[in-house]
Amino acid sequence: MPAIFCRERHVAPPKVSAIKGVAASTIDFLRGFVTTLICIPFLKICAATLLVFNGYQLAVSFSIYVMIYYLFNGNDVQGGKLLGWFGTLTAAATLAVIPLTGWIATRIGKRRTSLITISLSLVGYALKWVGYNPDHPYWLLFAAPFVAFGTGSLFTLMGAMIADVCDHDELNTHERREGVLGAIYWWTVEIGMAFAGLLTGIMLNASGFDVELKAAQPEATLFLLRLFDVGVPLATSALAILIMMTYKITEQKAYEIRAELERRRGKLGADTTPQSEAP
């Protein structure tokens, strides 16, 4: 789809006078790496992604423990069924959230949309705390659609915002560096996932959970498991909202940057008319 419908207008690349050696290429790569790491809008997008996605990844690892040992008193069959329903509903809601996110973003801007969707995920995490009710365990399903807003909209918006950052970066560096920006972005996501996996084991151990106790887990352990499951993504998502509130590339700014780049390239197009968004 991007290959067919992408509206990027290309200009002739500069001619390379000679093939660079390994040392020169390595120096250029390291210089580009450092340049990327001091690009503030890019760092904010990476930070927000790490907080929302990996906060969710870290916390969701505790859900099955809470369902089995808190909601169903050690019954792993009932806990597994609830986890299956919760996961299915979350996945279905995510499929609906993705196009909805795109529709909203084209009308009010990507930054505003990210603030709304992450805020809705906060509602979902808060509902999980209420839904962890042994008398009514399936109340937990009410939280699933709201939780889906955080993870479902994340890469839809952040991918588009990375494109804006590529323009911002070109404006400042006079180089087009989508490859470096994209590679570092996904590298940070992978590093975050690995770190979340490490922290999961550390936090599970810190909670005092002991599989040998089965249904006789201490009350303090069950409380910590719920706290980790709900509190971690609440905290990380709230911090992500604060970061995105300081993100300066609004829709209007993005169109202004694109217009300047087109003027610089001598290829000013008709589709660069700025769209309004309050800063």
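The values are calculated or read from the model by the stated rules, or taken from the named source; none is laboratory data. Just so it is clear, the structure is predicted and the values come from calculations on it, not from any experiment. Positions of Cβ are backbone-derived with ideal geometry, glycine not excepted, and every protein chain shown enters the neighbour counts.
Listing for the model above:
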quantity: Tally, over the range 96-107, of residues that are farther than 11 Å from Thr156 by Cα and buried (at least 17 other Cβ atoms within 10 Å of the Cβ); calculated: 1
quantity: Residue in the range 109-120 that is surrounded by fewer than 22 Cβ atoms within 10 Å (Cβ to Cβ) and of a type in the set (Lys, Arg) present; calculated: yes
quantity: One residue from Gly192, Gly179, Gly197, Gly201 being surrounded by 18 or more Cβ atoms within 10 Å (Cβ to Cβ), at pLDDT below 95 and part of a helix (DSSP H, G or I); calculated: Gly192
quantity: The lone exception for Ala93 - which of (1) in contact with a Pro (Cβ under 6 Å, 6 or more places away or on another chain); (2) exposed (fewer than 15 other Cβ atoms within 10 Å of the Cβ); (3) not β-branched (Val, Ile, Thr) it fails; calculated: (2)
quantity: Residue list for the range 79-104, restricted to those being touching a residue at least 24 places away in the same chain (Cβ under 8 Å) and polar (S, T, N, Q); calculated: Thr90, Thr94, Thr101
quantity: Leading residue by the ranking (nearest to Thr173 (Cα to Cα)) among those in the range 40-58 that are surrounded by 23 or more Cβ atoms within 10 Å (Cβ to Cβ) and among the aliphatic types (A, V, I, L, M); calculated: Ile45
quantity: Members of the range 152-176 that are surrounded by fewer than 22 Cβ atoms within 10 Å (Cβ to Cβ), closer than 23 Å to Ile241 by Cα and of a type in the set (Ser, Thr, Tyr); calculated: Thr156
quantity: Scan of the range 1-56 for residues that are modelled with pLDDT under 80, under 30 Å from Ser121 (Cα atoms) and among the hydrophobic types (A, V, I, L, M, F, W, C), ordered by number; calculated: none
quantity: Selection count, the range 204-221, where residues are surrounded by fewer than 17 Cβ atoms within 10 Å (Cβ to Cβ) and among the aromatic types (Phe, Trp, Tyr); calculated: 0
quantity: Residue match in the range 187-202 (condition: over 22 Å from Ala238 (Cα atoms) and not aliphatic (A, V, I, L, M)); calculated: yes
quantity: Top-ranked residue of the range 63-95 - restricted to ones that are touching a Ser or Thr at 6+ places or on another chain (Cβ under 9 Å) and among the aromatic types (Phe, Trp, Tyr), ranked as farthest from Phe228 (Cα to Cα); calculated: Phe86
quantity: Of residues in the range 141-154 being of a type outside the set (Ser, Thr, Tyr) and touching a residue at least 60 places away in the same chain (Cβ under 8 Å), the one nearest to Lys248 (Cα to Cα); calculated: Leu154
quantity: Test set (1) in contact with a Lys or Arg (Cβ under 7 Å, 6 or more places away or on another chain); (2) assigned to a helix (DSSP H, G or I); (3) farther than 20 Å from Leu71 by Cα - Tyr247 fails condition number; calculated: (2)
quantity: Of the criteria (1) touching a helix residue (DSSP H, G or I) at 6+ places or on another chain (Cβ under 9 Å); (2) more than 27 Å from Gly124 (Cα to Cα); (3) loosely packed, with under 14 Cβ neighbours inside 10 Å, which one Thr246 fails; calculated: (2)
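Yes/no matrix, rows are residues, columns are (1) touching a strand residue (DSSP E or B) at 6+ places or on another chain (Cβ under 8 Å); (2) of a type in the set (Ser, Thr, Tyr); (3) modelled with pLDDT of 90 or more:
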site: Glu175; (1), (2), (3): no, no, no
site: Pro218; (1), (2), (3): no, no, yes
site: Thr221; (1), (2), (3): no, yes, yes
site: Leu227; (1), (2), (3): no, no, yes
site: Arg265; (1), (2), (3): no, no, no
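Table: residues versus (1) under 18 Å from the mean Cα position of the chain (by Cα); (2) within 30 Å of Leu37 (Cα to Cα); (3) of a type in the set (Val, Ile, Thr).
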{"residue": "Asp169", "(1), (2), (3)": "no, yes, no"}
{"residue": "Ala183", "(1), (2), (3)": "yes, yes, no"}
{"residue": "Trp186", "(1), (2), (3)": "yes, yes, no"}
{"residue": "Leu204", "(1), (2), (3)": "no, no, no"}
{"residue": "Gly208", "(1), (2), (3)": "no, no, no"}
{"residue": "Leu225", "(1), (2), (3)": "no, no, no"}
